[in-house]
Each structure stands twice: as C-alpha cells, then as structure tokens.
Amino acid sequence: MSSFALNPRLEGDSLFVADLPLSMLRLMKDANYPWLLLVPRKSDLVEIIDLDEAEQAQLMQEIALVSKLLRTVSNCEKLNIGALGNQVSQLHVHVIARFRDDAAWPGPVWGVVPPREYDPESADNLIDHLQDALADANR
C-alpha cells in the first residue's frame, strides 16, 4: 500500500484545520456555508467500508466530534453530513453547517451558487475557533 496523499482537488478546495487520530480536518474554501471535510489519512480508500471495523468506529467518533464543534462554532440550525465522492473518489466526509437563510436552503449545497472565497482574516478566525474548540474538547 502506498503512503497517504491528499487528492489535489481536495487540497486546492480546502484549508488545513487539524489532524485527528484517523482523519485530516479541513475547511472548504466556500464562505457561503461553514463546511468541513474529514479525510482519513490512509491510502486507496474510496468508501467507508474500505476501512476496517475499528477505523469505521473511529471515523464515526470523529464525525460526531467535528459535528459538535461546527454546531458550537457556527450556531447553525442543521448539519448536513455525507460521503458522496462522485467527483473526487478519495474517501472524505462533508460536515456542513446549514441555516434557513443560506443560499441553498432547504436543498443540498452543491451547484446552487458559486463558491464564495473567504477573506483571509475570516478563514483564519474560523480555523482558530475550530482549533480552540477542538483543544477544549480534548481536555
């Protein structure tokens, strides 16, 4: 098995937040929605079932943790969680904060409006809040 490499599209579309025990946590570069990705740091994964049972359980723990962090940091009304992978086959899980007044409500976020760039200060601020919340959760 080859070593882990992040898909170039996922890397280009997101910013690093933190490394969790199994997954890399990243912020999507779309300020329309607070949107996180979990990417397990293992090679050749396409589906959740490609992980062994212990890794599947770890991924579910990380999804729950990241969901709680995002809900706390964003004060969102709803979370959308999914592992679609239709355009990028490397296993990754989307955790998206949703609001009744967001551009795509109540439908899915994909393709509704063009991605809106974060200004660097806003992206850094959100990442800092997520990192602080993660540090608090790990105490």
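Within region 97-118, how many residues are touching a residue at least 12 places away in the same chain (Cβ under 8 Å), open to solvent by less than 80 Å² (accessible area, probe 1.4 Å) and either on the phi > 0 side of the Ramachandran plot or in a loop (DSSP other than H, G, I, E, B) (or both)? Before the answer, list the steps.
Going residue by residue through region 97-118, those that are touching a residue at least 12 places away in the same chain (Cβ under 8 Å) are 97-100, 102-104, 108-109, 113, 115-118.
After this cut, where a residue has to be open to solvent by less than 80 Å² (accessible area, probe 1.4 Å) as well, the list is 97-99, 102-104, 109, 113, 118.
In the following step, the residues that additionally are either on the phi > 0 side of the Ramachandran plot or in a loop (DSSP other than H, G, I, E, B) (or both) were identified as 99, 102-104, 109, 113, 118.
So the count comes out to 7.
For region 52-62, state whether one or more residues are surrounded by 15 or more Cβ atoms within 10 Å (Cβ to Cβ), under 19 Å from F16 (Cα atoms) and touching a residue at least 40 places away in the same chain (Cβ under 8 Å).
yes
Yes or no: D30 on the phi < 0 side of the Ramachandran plot and either modelled with pLDDT under 95 or among the acidic types (D, E) (or both)?
Details: on the phi < 0 side of the Ramachandran plot: yes; either modelled with pLDDT under 95 or among the acidic types (D, E) (or both): yes.
So D30 passes the test.
Can you pull out every residue in region 19-60 that is among the aliphatic types (A, V, I, L, M) and under 18 Å from A97 (Cα atoms)? Break it down stepwise before answering.
Start the filter on region 19-60 by keeping residues that are among the aliphatic types (A, V, I, L, M), which leaves 20, 22, 24-25, 27-28, 31, 36-39, 45-46, 48-49, 51, 54, 57, 59-60.
Those that are among the aliphatic types (A, V, I, L, M) and under 18 Å from A97 (Cα atoms): L25, L27, M28, A31, L36, L37, L38, V39, M60.
Taking region 1-27 on its own, how many of its residues are free of Cβ contacts under 8 Å to residues at least 24 places away in the same chain and aliphatic (A, V, I, L, M)?
1
Given the structure, is E121 open to solvent by 60 Å² or more (accessible area, probe 1.4 Å) and either under 23 Å from L6 (Cβ atoms) or assigned to a loop (DSSP other than H, G, I, E, B) (or both)?
Working: open to solvent by 60 Å² or more (accessible area, probe 1.4 Å): yes; either under 23 Å from L6 (Cβ atoms) or assigned to a loop (DSSP other than H, G, I, E, B) (or both): no.
No, not satisfied.
Among the residues of region 124-139, which ones are under 18 Å from the mean Cα position of the chain (by Cα) and either among the aliphatic types (A, V, I, L, M) or part of a loop (DSSP other than H, G, I, E, B) (or both)?
So in region 124-139, the residues under 18 Å from the mean Cα position of the chain (by Cα) come out as 124-135, 137.
Passing the criteria: L126, I127, L130, A133, L134, A135, A137.
Conditions: (1) under 16 Å from the mean Cα position of the chain (by Cα); (2) within 23 Å of A133 (Cα to Cα); (3) among the hydrophobic types (A, V, I, L, M, F, W, C). A57 meets all but one. Number of the miss?
(1)
Suppose the filter is closer than 29 Å to E117 by Cβ, part of a loop (DSSP other than H, G, I, E, B) and in contact with a strand residue (DSSP E or B) (Cβ under 9 Å, 6 or more places away or on another chain); does F4 pass it? Break it down stepwise before answering.
Values: closer than 29 Å to E117 by Cβ: yes; part of a loop (DSSP other than H, G, I, E, B): yes; in contact with a strand residue (DSSP E or B) (Cβ under 9 Å, 6 or more places away or on another chain): yes.
Yes; evaluated as a whole, the condition is true for this residue.
Taking into account only those residues within region 77-87 that are at pLDDT 95 or above and part of a loop (DSSP other than H, G, I, E, B), which is least open to solvent (accessible area, probe 1.4 Å)? Lay out the reasoning, then the answer.
First pass over region 77-87, keeping only residues at pLDDT 95 or above: 77-83.
Of the ones still in play, those that are also part of a loop (DSSP other than H, G, I, E, B) are 77, 83.
Numbers: E77: 96, A83: 46 Å².
Filtering first and then ranking leaves A83.
Regarding region 36-43, can at least one residue be identified that is buried (at least 16 other Cβ atoms within 10 Å of the Cβ) and among the hydroxyl-bearing types (S, T, Y)?
Checked region 36-43: no residue is buried (at least 16 other Cβ atoms within 10 Å of the Cβ) and among the hydroxyl-bearing types (S, T, Y).
The values are calculated or read from the model by the stated rules, or taken from the named source; none is laboratory data. Computed from a predicted model, the values in this text were never measured in an experiment. Reconstructed Cβ throughout: ideal geometry from the backbone, glycine too, with neighbour counts over all protein chains shown. The accessibility values were calculated without ligands, DNA or RNA, using every heavy atom of the protein model including side chains. Shrake-Rupley method; radii C 1.70, N 1.55, O 1.52, S 1.80 Å.
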